[in-house]
Amino acid sequence: MLFLTGKTSANHSVFLAVAGPYPTNPASVFGHVFLAITPNDSISFLNWIAINFGANTENSRLLDYYIKGIGGGFDAYYNVLPVHEKIREYAGTESRDIRLFPLKISNEEYEKLTNYLKDQIKKTHPYKFFTYNCAHGIYTLLYSSLDSLPPAQKIMSPQDLIIILQNENRLNYSYLFPSLKERILNSQNKETTQLEFLEWQNMQRNVKKDTLREKKLKRLRYSVAKNKEENRNLLKPEKSSIKPHNFSRLDIGTQFIESKANAFIRFRPLLHDPSDNSSYYSAYSTLELLSLGLNINDKGINFREFDLIHIRSAPAFDFLFHSLSWDIFAGYKNKRIELNFGLGASFYINKKRKIVLEFLPLNSVKCRNNFSCTDFIGIETQLNKHSTGKFRYGANFEYLRNFPDFENKHIQFKTWISYDINRSFNLYAENIFGIGIQKTIGLYMRFYI
């Protein structure tokens with residue numbers, strides 16, 4: 001077993017475990033947090049103890065799910081279970097990376113944590129997506145156990161919890177447990193690749209017993225164990241702190257619309273798109289709410305754009321995996337009210353898996369100010385370059401036609417480039433042109449607040 005620092009008593013170490021965002025479900029875009037405890041140093045990682053706070057939402061329909069999730073209609077509770085069950089769910093089935101932060105906790109504080117947990121284990125709480133979620137539950141447990149923590153925020157996410165504990169000097173550098181997808185793709189050994197995939201299959205709920213699979217697993221485990229050159233450590237130490245960007249973003253800059261300069265300001269309350277830093281969030285997915293853009297010129301203040309909601313799920317895979325991508329947009333842009341829906345696929349196009357191409361057949365309803373609406377059908381393609389550093393770029397192409405009026409078409413090409421100065425400040429440029437839209441060049445400073 002890989003030796004882990006962070007031991008805080010004779011027999012226990014405590015870790016804050018943070019699963020990354022799950023792009024397929026917008027409610028999980030903030031990720032998930034739980035605690036992981038080592039019973040002792042001789043116990044393997046997958047047999048550690050997990051302390052989870054969550055609600056059972058499996059049988060809820062879509063509308064009911066969001067109504068109850070926002071209003072507190074689900075019962076939430078603490079439960080204790082083996083870590084491998086959380087690993088199966090997040091790193092396996094949902095292909096999320098998990099980071100484990102060693103928690104600085106004294107013996108006395110650990111005793112208070114276990115006593116509080118025993119008192120709460122059978123109690124239920126009203127679960128709310130924003131104001132009483134997994135982060136609130138785990139923070140309440142820590143607040144009742146650790147000395148000198150500040151009171152919980154009204155709205156809290158796993159990212160907020162990380163930042164609070166880092167500011168209080170309660171976390172050490174994290175260990176990364178890569179998702180099953182990443183472990184398979186990064187393996188240089190075919191036998192190890194097969195073993196990882198079969199182990200994941202074997203951990204699925206309600207899996208049927210398969211004698212042939214068990215024999216193959218046994219053979220692969222033996223073969224891989226003999227290969228001393230293959231490093232199978234599951235946890236990778238990280239040398240820097242992971243700090244996600246803040247939720248809200250303010251863009252200030254200049255737009256050149258048909259070569260005429262306009263001052264421009266845009267405020268996005270929530271949350272992320274591919275041009276933002278992706279140290280924590282998905283590099284290729286989007287969740288934007290209530291984004292408002294205004295430009296200012298000699299004629300006054302003009303309403304430029306309003307994104308009521310934009311959700312884009314773009315899980316990227318290569319030939320080993322496949323998954324659907326989808327895009328939903330409702331808002332105002334290009335002097336029209338728009339409602340868009342696309343469904344397609346996203347996939348890596350280079351060996352290092354840093355460039356993703358998305359292809360989506362798209363249906364777009366566009367309405368002018370007099371509420372005369374036109375239905376367009378076509379395609380959208382998007383190319384995004386993700387980097388673990390400060391630099392990102394991308395391109396987007398839309399080709400839409402109205403089939404009753406074939407000459408009525410919408411063609412747009414957009415390129416963008418983004419550079420991080422630090423976690424709270426970014427420089428961004430974009431170029432948009434096509435048919436049926438105004439040619440626009442934008443240069444912005446971005447502040448994450």
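The values are calculated or read from the model by the stated rules, or taken from the named source; none is laboratory data. Model, not experiment: these values are computed from the prediction. All Cβ positions, even for glycine, are placed from backbone atoms using ideal geometry, and neighbour counts span all protein chains on display.
Conditions tested, residue by residue: (1) within 25 Å of the chain's Cα centre (by Cα); (2) surrounded by fewer than 16 Cβ atoms within 10 Å (Cβ to Cβ); (3) at pLDDT 90 or above; (4) assigned by TED's automatic domain parsing to the domain that holds residue 378.
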position: 253; (1), (2), (3), (4): no, no, yes, yes
position: 262; (1), (2), (3), (4): no, no, yes, yes
position: 281; (1), (2), (3), (4): yes, no, no, yes
position: 285; (1), (2), (3), (4): yes, no, no, yes
position: 298; (1), (2), (3), (4): no, yes, no, yes
Residues of region 365-385 satisfying the condition of being basic (Lys, Arg) and part of a strand (DSSP E or B): 366, 385
Matching residues, region 40-56, being part of a loop (DSSP other than H, G, I, E, B) and modelled with pLDDT of 75 or more: 48, 56
First in region 162-181 and closer than 14 Å to residue 102 by Cα, second anywhere and acidic (Asp, Glu), Cβ under 6 Å, 6 or more apart: 173/238; 174/238; 176/238
Sole exception among (1) among the charged types (D, E, K, R); (2) over 21 Å from residue 57 (Cβ atoms); (3) surrounded by fewer than 18 Cβ atoms within 10 Å (Cβ to Cβ) for residue 123, by number: (2)
Residue count, region 315-353 (criterion: within 17 Å of residue 287 (Cβ to Cβ) and at pLDDT 80 or above): 9
The listed residue being among the charged types (D, E, K, R) and at pLDDT 90 or above, out of 86, 104: 104
Residue check for residue 116: surrounded by 15 or more Cβ atoms within 10 Å (Cβ to Cβ), among the aromatic types (Phe, Trp, Tyr) and within 26 Å of the chain's Cα centre (by Cα): no
Where a residue in region 67-90 is on the phi > 0 side of the Ramachandran plot and its partner, wherever it lies, is surrounded by fewer than 16 Cβ atoms within 10 Å (Cβ to Cβ) and outside any helix (DSSP H, G or I), with Cβ under 6 Å and at least six apart: 72/126
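Could you grab me the full set of residues in region 287-296 that are closer than 19 Å to residue 442 by Cβ, surrounded by fewer than 19 Cβ atoms within 10 Å (Cβ to Cβ) and touching a Lys or Arg at 6+ places or on another chain (Cβ under 9 Å)?
292, 294
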